[in-house]
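S.K.: Would you mind keeping the following structure in view while I ask a few things?
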Amino acid sequence: MTKTKTIITTAIAALALATASLAVPGQAFAGGHGHGGHGGGHGHHGHHGHGHFGHGFFGHGHHHHRPHSCRRWRRDLRHRLDRHPSMSKHPVTPADESDLRLRLKKQTKKKTGLLDITQLSKSKPDIQKEVQRIKKEGAGILLIDAVYQEQLTVIGELLEDWADGKSLFSVGSSGIGSALGQFWNERGIIEPVSEWSDPGDAGPILVISGSCSPVTDAQIEYALTNGFDEVILEEKVVLKDDKKAMGSAIWKAQVLLQKGKSVIVHANGTKKKSRKSISPEKLGRALGRIAREIAAQGLYRRLVISGGDTSSYAAREMGILSVEMIAPLVVGAPLCKATAPGSPIDGLEVNLKGGQVGANNYFLVLKEGRL
């Protein structure tokens, strides 16, 4: 049995739910697939596609996934990560390399080994031998490729063995959760939920977005033509921490919500007038303060947080400690209930999504709450 100290996931972009990639720092193993916007690799939350021999591809999963329908490209096309029409041109984190080993090489001096899909198809003892061989060759990081749903069970079992009953720190995406969940389900360790209650229409919802993705731009545009309204948070307001202008933005959003309008508060995405860079932390915290103050007025019960790089800071600013899944409205971005002791966000419904996730009607789907 392989002993490990830690598990740290690489946030691998553009992999389907049926895909998992794992990285091992030193004597530690890591795992994950398409989540993120932060972490190792070049991660963006929730893309569907395939990982193949250490390369990232953006496409549409052929398993049980609901495909993206962004109008900028056909659904049946698959793009190598560095050739994807949106991700390769992302204004903050452009994907200029599809070989994930090379991505990791830019972030660490550790050597990266690869356990590829052919090796993952071997027996468990043979897989362990391959891992030991890679470690003996001096790899401090192990990248594991997977394509098929059943391979997640293999990875889940490997992770369970490597953990050896101890707590393991993980950073990354839903790849670890999917792998472990699938393995535990097969072993009867946990019981899967087969039916979810329809959460229904939430009335006016609040969306806060720090995303720079053209996918989110299209979603905002679609929502605005279908009954939503917007409050644009200019970058200078965030950069200067202009409390008066921030208060004005909060007031505008409150008035719209009181009128029964769903509101999107955003930083203008790819349409920003200047090229000044707002740090994800600064923007995320600003958006979190806005959401928190409006929640204190009891004007909404469902909140959408868009932007992988900013969402964690926004959640922290709102005092969110944990979330509990309510319904799988969108693959990779479920509707959840927030636990935020002492905060007006406590008990509200929240949805966190990366900028690249979802079809054009994403915000309407979240408002209507139909499974």
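The values are calculated or read from the model by the stated rules, or taken from the named source; none is laboratory data. Owing to the predicted nature of the structure, the values given are computational and were not obtained by experimental measurement. Every residue, glycine as well, gets a Cβ built from its backbone with ideal geometry; the counts of neighbours run over all protein chains shown. All accessible areas refer to the heavy atoms of the entire protein, side chains included, with ligands and DNA or RNA removed. Shrake-Rupley method; radii C 1.70, N 1.55, O 1.52, S 1.80 Å.
S.K.: Examine segment 126-137 for a residue that is part of a loop (DSSP other than H, G, I, E, B), over 24 Å from the mean Cα position of the chain (by Cα) and not aromatic (F, W, Y), and state whether such a residue exists.
M.R.: Checked segment 126-137: at least one residue is part of a loop (DSSP other than H, G, I, E, B), over 24 Å from the mean Cα position of the chain (by Cα) and not aromatic (F, W, Y).
S.K.: Does V350 qualify as being in a strand (DSSP E or B) and at negative phi?
M.R.: Judged against the criteria, V350 is a match.
S.K.: Another question, then. As an exercise: evaluate E281 against (1) open to solvent by 40 Å² or more (accessible area, probe 1.4 Å); (2) part of a strand (DSSP E or B) and give the number of the one condition it does not meet.
M.R.: Going through (1) open to solvent by 40 Å² or more (accessible area, probe 1.4 Å); (2) part of a strand (DSSP E or B) one by one, E281 breaks only (2).
S.K.: Can L283 be described as closer than 22 Å to D242 by Cα and touching a residue at least 40 places away in the same chain (Cβ under 8 Å)?
M.R.: When the stated conditions are applied, L283 passes them.
S.K.: Taking the condition of being within 18 Å of G332 (Cα to Cα) and either open to solvent by 50 Å² or more (accessible area, probe 1.4 Å) or assigned to a strand (DSSP E or B) (or both), how many residues in segment 303-318 meet it?
M.R.: So the count comes out to 4.
S.K.: Another question, if that's okay. Residue under question is L104, and the condition is that it be outside any loop (DSSP other than H, G, I, E, B) and either closer than 26 Å to W184 by Cα or among the charged types (D, E, K, R) (or both); does it hold?
M.R.: Judged against the criteria, L104 is not a match.
S.K.: Consider E230 carefully, then state whether it is in contact with a strand residue (DSSP E or B) (Cβ under 6 Å, 6 or more places away or on another chain), of a type outside the set (A, V, I, L, M) and open to solvent by 60 Å² or more (accessible area, probe 1.4 Å).
M.R.: yes
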